[in-house]
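Notes follow the structure.
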Number of protein chains: 2
Amino acid sequence: MSRPEGTPTADNFALKEYTLPQLTDGMVHVRNLFLSVDPYMRGRMNEAKSYIPPFAIDAPMEGGAIGTVIESNAPDFVPGDLVIHMAGWRDEAVLPAKALQKAPNISGVEPQAFLGILGMPGATAYFGLLDAAEAKGGDIVFVSAAAGAVGSSVVQIAKAKGMTVVGSAGGPDKCEFVRSLGADQAIDYKSGSLLVTLREAAPEGIDVYFDNVGGAHLDAAFARARLHARFALCGMIDGYNSREPAQFRYIIRMIAMRITMRGFLYGDYVSRLGEFYRDMGQWVSDGRVKSRDTVMDGLESTPEAFLGLFTGTNTGKMLVRV
Amino acid sequence: MSRPEGTPTADNFALKEYTLPQLTDGMVHVRNLFLSVDPYMRGRMNEAKSYIPPFAIDAPMEGGAIGTVIESNAPDFVPGDLVIHMAGWRDEAVLPAKALQKAPNISGVEPQAFLGILGMPGATAYFGLLDAAEAKGGDIVFVSAAAGAVGSSVVQIAKAKGMTVVGSAGGPDKCEFVRSLGADQAIDYKSGSLLVTLREAAPEGIDVYFDNVGGAHLDAAFARARLHARFALCGMIDGYNSREPAQFRYIIRMIAMRITMRGFLYGDYVSRLGEFYRDMGQWVSDGRVKSRDTVMDGLESTPEAFLGLFTGTNTGKMLVRV
């Protein structure tokens, strides 16, 4: 196992067998059902310190997972409990009880939803759109990577809240997927200039930009922003594997249009997850918002699933069933 | 007279004689004392629409000026009144009363202060720092163009409010000027990498960046921002005469550091000028904040004064005495 230079490859990963530790006092034995792969993990593969520490070489990749308790030596957990944790890419784990969170009881929801629309990507979309970008009914919202886990949640939340939504995605199939989520317009960033396609899709301009990619998308958003537009920056996947500087021709419009741009992280909002479960649980239960996943099978396919995030093989949330 | 391509030159301007109109009902005849030249005027020299309309060819350049009423056909003004207006580059003007604002009565203040520390640049600094950037006592503030009209006001306001201040300027003389304003550190952007000099000047990082220039300064601020830093964008003089895109290597830190960046304009705050006159008037009266000007003489020197803004011939506010 090794740190990648630029875009990671399968060679950076290895599948290893470990013996599970003893189920000592306070420990819980979990059998995973689904693993999450997320773009932010790319940052943790670098040596450099960021908002979370780098992954250790020769240790399992950490990350979101959901599983079932099969044995418990902790008072709060019993076999059969559905639990969410961050112990990542493995089929089974023995973990301290405090590392586990019981899945909220929301009717009609499959377990994997807690890694997607009702998990970190959904909450990132929810708080990013409604809090960081202060989006409200009537706003014209532009969201990039709209076919991805976070973006597809943003599209659906924005529609549930009465906004007009333009989503960008790569290729006609993904654009069709974005429209199927309820977006008013989907633009294909691989087809022509984003400046032109965004102007055509939102001739009056945009009030909100939810940024998952940075680069040319962000510049097009600067170019099309209306007065007092708000931008929420959630990720810049365009730059994760690159050392080239990002170029912006239109950033100067931040002044004339009094744009507010704000970086945020899911972690800023964990104390407010109750609001999220309440609203999103309701929307999922009444069918206004749907869980949308791309699922790959088998622990050994996890690196491929992860690498697919950077070439865009997923629509909706990318998951691995173990 | 003509529109500039890139950096303006003296050839874009002409000095012309006009016959003043009749002093009809509601009109006031003003003899100007000082004219203001400001970087934002460069934008109005382009054909393109921005937040204010372009200048008309063969009409006087509009802009801030202060003068004395010499004749009045309007009830609210009498000869001798000190008045501020936006009729710009001319020695005398006949203007409607509603285009004039009486200078506030603040003791010990020279007239030209109302074009600088107690005028648009001072108010831009005041509201940009305290409102747009939400700076507060204890913050570490970085300000670019710190020897300019707005920047020199930012330095002094920040010190009056108990902040630590790092100002950047071009060359050792201007850096000395910035230190004379009270800045804790002055860095010379013409001498070495801003990334390095800013790290040395603010080893703990920065909480606030007041941006007057964009470009490499803004990128260095991204690189050095601490958690929850706030950036106020007031101008990007680096880009006014250029068509090249701005390059940023560190904009991705907006996410990890949860930076908020906000564009603003003086015009957003005119309804709150009372707060500004109250605080700044007090600081000027008690000597904590000083008016700092570079004055050129004669109406004919106005284009040279204006062009000097882009080569940095001024320290503090650039003015023309007519």
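The values are calculated or read from the model by the stated rules, or taken from the named source; none is laboratory data. Nothing here was measured: the structure is a model prediction, and the numbers come from that model. Glycine also receives a Cβ, built like all others from the backbone with ideal geometry; neighbour counts cover every protein chain displayed. Keep in mind that these areas ignore ligands, DNA and RNA; they rest on the heavy atoms of the full protein, side chains included. Shrake-Rupley method; radii C 1.70, N 1.55, O 1.52, S 1.80 Å.
Go through the stretch A:62-75 and count every residue that is at pLDDT 95 or above and open to solvent by 50 Å² or more (accessible area, probe 1.4 Å).
Total meeting the criteria: 4.
Please list, ordered by first then second residue, the pairs with beta carbon atoms under 8 Å, 6 or more apart or interchain, first in the stretch B:51-68 and more than 13 Å from B:Met86 (Cα to Cα), second at pLDDT below 85 and exposed (fewer than 11 other Cβ atoms within 10 Å of the Cβ).
B:Pro54/B:Glu47; B:Pro54/B:Ala48
Count, please, the residues in the stretch A:167-185 that happen to be outside any helix (DSSP H, G or I), under 20 Å from the mean Cα position of the chain (by Cα) and closer than 15 Å to A:Ala202 by Cβ.
3
From the list A:Glu134, A:Glu204, A:Glu176, exactly one residue is on the phi > 0 side of the Ramachandran plot and of a type in the set (D, E, K, R). Which is it?
Exactly one residue qualifies, and that residue is A:Glu134.
Looking at the stretch A:124-166, which of the residues that are in a loop (DSSP other than H, G, I, E, B) and in contact with a helix residue (DSSP H, G or I) (Cβ under 7 Å, 6 or more places away or on another chain) is nearest to A:Gln282 (Cα to Cα)?
Among those residues, the one meeting the criterion is A:Ala135.
Does any residue of the stretch A:189-199 turn out to be under 20 Å from A:His228 (Cα atoms), assigned to a helix (DSSP H, G or I) and touching a Lys or Arg at 6+ places or on another chain (Cβ under 7 Å)? Explain how you work it out, then say what you get.
Just the residues of the stretch A:189-199 that are under 20 Å from A:His228 (Cα atoms), to begin with: A:195, A:198-199.
Of the ones still in play, those that are also assigned to a helix (DSSP H, G or I) are A:195, A:198-199.
Then keep just the ones that are touching a Lys or Arg at 6+ places or on another chain (Cβ under 7 Å); that gives A:198-199.
Yes, that holds for at least one residue.
Here is a list: B:Arg292, B:Arg278, B:Arg272. Which entry is free of Cβ contacts under 8 Å to residues at least 40 places away in the same chain and among the charged types (D, E, K, R)?
Numbers: B:Arg292 fails: free of Cβ contacts under 8 Å to residues at least 40 places away in the same chain; B:Arg272 fails: free of Cβ contacts under 8 Å to residues at least 40 places away in the same chain.
Result of the check over B:Arg292, B:Arg278, B:Arg272: B:Arg278.
Kindly indicate whether A:Ile140 is in contact with an Asp or Glu (Cβ under 6 Å, 6 or more places away or on another chain) and not assigned by the TED database to the domain that holds A:His85.
In short, yes.
I'd like to check something: does the stretch B:255-265 contain any residue that is in contact with a helix residue (DSSP H, G or I) (Cβ under 8 Å, 6 or more places away or on another chain), at pLDDT below 95 and not hydrophobic (A, V, I, L, M, F, W, C)?
Scanning the stretch B:255-265 turns up no residue that is in contact with a helix residue (DSSP H, G or I) (Cβ under 8 Å, 6 or more places away or on another chain), at pLDDT below 95 and not hydrophobic (A, V, I, L, M, F, W, C).
Suppose the filter is open to solvent by 50 Å² or more (accessible area, probe 1.4 Å) and more than 24 Å from B:Thr260 (Cβ to Cβ); does A:Asp286 pass it?
Spelling it out, A:Asp286 is indeed open to solvent by 50 Å² or more (accessible area, probe 1.4 Å) and more than 24 Å from B:Thr260 (Cβ to Cβ).
Consider A:Val155 carefully, then state whether it is closer than 23 Å to A:Thr313 by Cβ and not small (Gly, Ala, Ser).
Taking the combined requirement at face value, the residue satisfies it.
Could you grab me the full set of residues in the stretch A:18-49 that are in contact with a strand residue (DSSP E or B) (Cβ under 7 Å, 6 or more places away or on another chain) and more than 26 Å from A:Gly308 (Cβ to Cβ)?
Correct list: A:Leu20, A:Pro21, A:Leu23, A:Gly26, A:Met27, A:Val28, A:His29.
Kindly provide the set of residues from the stretch A:280-299 that are modelled with pLDDT of 95 or more and among the charged types (D, E, K, R), ordered by number.
Result: A:Asp297, single match.
Condition check ((1) over 21 Å from B:Tyr277 (Cβ atoms); (2) under 24 Å from the mean Cα position of the chain (by Cα); (3) not acidic (Asp, Glu)) across all residues:
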position: B:Pro4; (1), (2), (3): yes, yes, yes
position: B:Leu20; (1), (2), (3): yes, no, yes
position: B:Val37; (1), (2), (3): yes, yes, yes
position: B:Met61; (1), (2), (3): yes, yes, yes
position: B:Glu71; (1), (2), (3): yes, no, no
position: B:Pro79; (1), (2), (3): yes, no, yes
position: B:His85; (1), (2), (3): no, yes, yes
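Per-residue answers, yes or no, for (1) in contact with a Leu (Cβ under 9 Å, 6 or more places away or on another chain); (2) within 14 Å of chain B (Cβ to nearest Cβ); (3) under 30 Å from A:Ser2 (Cα atoms); (4) surrounded by 15 or more Cβ atoms within 10 Å (Cβ to Cβ):
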position: A:Leu35; (1), (2), (3), (4): yes, no, yes, yes
position: A:Met41; (1), (2), (3), (4): yes, no, yes, yes
position: A:Ala59; (1), (2), (3), (4): no, no, yes, no
position: A:Arg90; (1), (2), (3), (4): yes, no, yes, yes
position: A:Tyr126; (1), (2), (3), (4): no, no, no, yes
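Which of the residues spanning the stretch B:110-124 are buried (at least 21 other Cβ atoms within 10 Å of the Cβ) and touching a strand residue (DSSP E or B) at 6+ places or on another chain (Cβ under 8 Å)? So that I can check it myself, show each step before the final result.
Residues of the stretch B:110-124 buried (at least 21 other Cβ atoms within 10 Å of the Cβ): B:112-124.
Once the filter is applied, which keeps residues that are buried (at least 21 other Cβ atoms within 10 Å of the Cβ) and touching a strand residue (DSSP E or B) at 6+ places or on another chain (Cβ under 8 Å), the stretch B:110-124 yields B:Gln112, B:Phe114, B:Leu115, B:Gly116, B:Ile117, B:Gly119, B:Met120, B:Pro121.
What is the one condition in (1) in contact (Cβ under 8 Å) with a residue 24 or more places away in the chain; (2) in the same structural domain as A:Gly171 (by the TED database) that A:Asp297 does not satisfy?
Single failed check for A:Asp297: (2).
Before we move on, is B:Ala223 within 14 Å of another protein chain (Cβ to nearest Cβ) and of a type in the set (A, V, I, L, M)?
Taking the combined requirement at face value, the residue satisfies it.
Would you check which residues across the stretch B:254-289 are farther than 30 Å from B:Thr311 by Cβ and within 8 Å of chain A (Cβ to nearest Cβ) and list them?
Within the stretch B:254-289, B:Met254, B:Ile255, B:Ala256, B:Met257, B:Arg258, B:Ile259, B:Thr260 qualify.
Listed here are the residues, each with its yes/no results for (1) at the interface with chain B (Cβ under 10 Å from one of its Cβ atoms); (2) open to solvent by 20 Å² or more (accessible area, probe 1.4 Å); (3) closer than 21 Å to A:Ala133 by Cα; (4) under 22 Å from the mean Cα position of the chain (by Cα).
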residue	(1), (2), (3), (4)
A:Leu195	no, yes, no, no
A:Gly214	yes, no, yes, yes
A:Phe231	yes, no, yes, yes
A:Phe248	yes, no, yes, no
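Given the condition more than 14 Å from chain A (Cβ to nearest Cβ) and closer than 25 Å to B:Met163 by Cβ, answer yes or no: does some residue in the stretch B:292-308 qualify?
Yes.
Pairs, please: C-beta under 9 Å, at least 6 apart or cross-chain, first residue open to solvent by 20 Å² or more (accessible area, probe 1.4 Å) and in the stretch B:152-170, second basic (Lys, Arg)?
Once the first residue is open to solvent by 20 Å² or more (accessible area, probe 1.4 Å) and sits in the stretch B:152-170, its partners that are basic (Lys, Arg) give B:Lys159/B:Arg288; B:Ala160/B:Arg288; B:Lys161/B:Lys136; B:Gly162/B:Lys136.
Give the stretch B:128-151 a look and list any residue that's open to solvent by 20 Å² or more (accessible area, probe 1.4 Å), more than 23 Å from B:Arg199 (Cβ to Cβ) and not aliphatic (A, V, I, L, M), or say none.
B:Asp131, B:Glu134, B:Lys136, B:Gly137 - these are the residues of the stretch B:128-151 that are open to solvent by 20 Å² or more (accessible area, probe 1.4 Å), more than 23 Å from B:Arg199 (Cβ to Cβ) and not aliphatic (A, V, I, L, M).
Since B:Met257 meets every condition but one in (1) surrounded by fewer than 16 Cβ atoms within 10 Å (Cβ to Cβ); (2) under 30 Å from A:Gly43 (Cβ atoms), which condition does it not meet?
Among (1) surrounded by fewer than 16 Cβ atoms within 10 Å (Cβ to Cβ); (2) under 30 Å from A:Gly43 (Cβ atoms), B:Met257 violates only (1).
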